[in-house]
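Asks: Below is one structure. I have some questions about it.
The values are calculated or read from the model by the stated rules, or taken from the named source; none is laboratory data. A quick note: this is a predicted structure, and the numbers were derived from the prediction, not measured. Because the Cβ atoms are built from the backbone with ideal geometry, glycine has one as well, and the counts that use them run over all protein chains shown. These area figures cover heavy atoms from the full protein model, side chains too; ligands, DNA and RNA do not enter into them. Shrake-Rupley method; radii C 1.70, N 1.55, O 1.52, S 1.80 Å.
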Amino acid sequence: MELVLLGPPGSGKGTQAKVLAERFRVPHISTGDIFRKNLREGTELGEMARRYMDEGQLVPDDVTEAMVTDRLAQQDAIAGFILDGFPRNLAQGEHFQPMLREAGRRLTAVIHLVVGRSVLITRLTGRRVCPKCGASYHVEFNPPQVAGHCDVCSTELVQRPDDSLETVTKRLEVYDNETAPLVAFYEAQGLLMEFDGELPVDALADAIVSRVSAHG
Ligand code: AMP
């Protein structure tokens, strides 16, 4: 099971990837999460990525590609993966094909989550995350039990710096210009499967699982 989740920021890739990873028993690999972990740990990679992330820009391809190659070679990803946030532009998409081929693998499908622009903005600007365990909430649609605190570990929730309205606008622009061309790229390869990303989480996961399973 080698899946890519494609969709704008706020389309629910991370949420779906977690559910699908459990259902298909393969790891959820999020390039954004790996960058954020490096940032928290103050690694050289994290410091380098910070200035791009803070501005809603993409981290350079060579750095990102090397990081993904390393991650996919790890033992737990041998049986498959759910990739969330990669590839993010045509250059990464084109680089990804031979990278997989060399490892004797190929994509099962690319899941495209379609969500209206105003919903994306509401979801992203209202998102709050736990800096300790990574759990994600929404001030209106998925509030924690105690306002401002994580249900799992009680840590005070924060807004991701790149979820401010200004950076969200930039990220959506970067998506339109750089990531959206991947839709046609994967459609031409017969790999694209489109879904309504505004469906409730479980209904959407069911739809994806049944279509991917029927396909495979
Ligand atoms: P995400 O959590 O997927 O929204 O990613 C957060 C940020 O990490 C993005 O705005 C980029 O700065 C960076 N990032 C994540 N994935 C990639 C990628 N495949 N290529 C370049 N930058 C990325």
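Asks: Kindly indicate whether any position in the range 87-97 is touching a His at 6+ places or on another chain (Cβ under 9 Å), within 15 Å of the ligand (Cβ to nearest atom), at pLDDT 95 or above and open to solvent by less than 40 Å² (accessible area, probe 1.4 Å).
Replies: yes
Asks: Can you pull out the residues in the range 98-111 that are open to solvent by 10 Å² or more (accessible area, probe 1.4 Å) and part of a helix (DSSP H, G or I)?
Replies: Within the range 98-111, Pro98, Met99, Arg101, Glu102 meet the criteria.
Asks: May I ask you to say which residue of Asp151, Asp54, Asp76 is open to solvent by 50 Å² or more (accessible area, probe 1.4 Å), within 13 Å of the ligand (Cβ to nearest atom) and either at positive phi or of a type in the set (Asp, Glu) (or both)?
Replies: None of the others qualify; the one that does is Asp54.
Residue-by-condition table, conditions (1) modelled with pLDDT of 95 or more; (2) in contact with a strand residue (DSSP E or B) (Cβ under 7 Å, 6 or more places away or on another chain); (3) on the phi < 0 side of the Ramachandran plot; (4) of a type in the set (Ser, Thr, Tyr):
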{"residue": "Gly104", "(1), (2), (3), (4)": "no, no, no, no"}
{"residue": "Leu120", "(1), (2), (3), (4)": "yes, no, yes, no"}
{"residue": "Gly126", "(1), (2), (3), (4)": "yes, yes, yes, no"}
{"residue": "Ser136", "(1), (2), (3), (4)": "no, yes, yes, yes"}
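Asks: Go through Gly14, Gly93, Gly46 for me and flag whichever is assigned to a helix (DSSP H, G or I), touching a strand residue (DSSP E or B) at 6+ places or on another chain (Cβ under 7 Å) and not basic (Lys, Arg).
Replies: Only one candidate passes the filter, namely Gly14.
Asks: Provide a single number: the residues in the range 154-207 that are more than 14 Å from the ligand (Cβ to nearest atom), outside any helix (DSSP H, G or I) and within 19 Å of Asn142 (Cβ to Cβ).
Replies: Within the range 154-207, residues that are more than 14 Å from the ligand (Cβ to nearest atom), outside any helix (DSSP H, G or I) and within 19 Å of Asn142 (Cβ to Cβ) number 10.
Asks: Let me ask something else about it. Being in a strand (DSSP E or B) and either within 14 Å of the ligand (Cβ to nearest atom) or under 27 Å from Arg128 (Cβ atoms) (or both), is that true of even one residue in the range 30-39?
Replies: Yes; the residues of the range 30-39 include at least one that is in a strand (DSSP E or B) and either within 14 Å of the ligand (Cβ to nearest atom) or under 27 Å from Arg128 (Cβ atoms) (or both).
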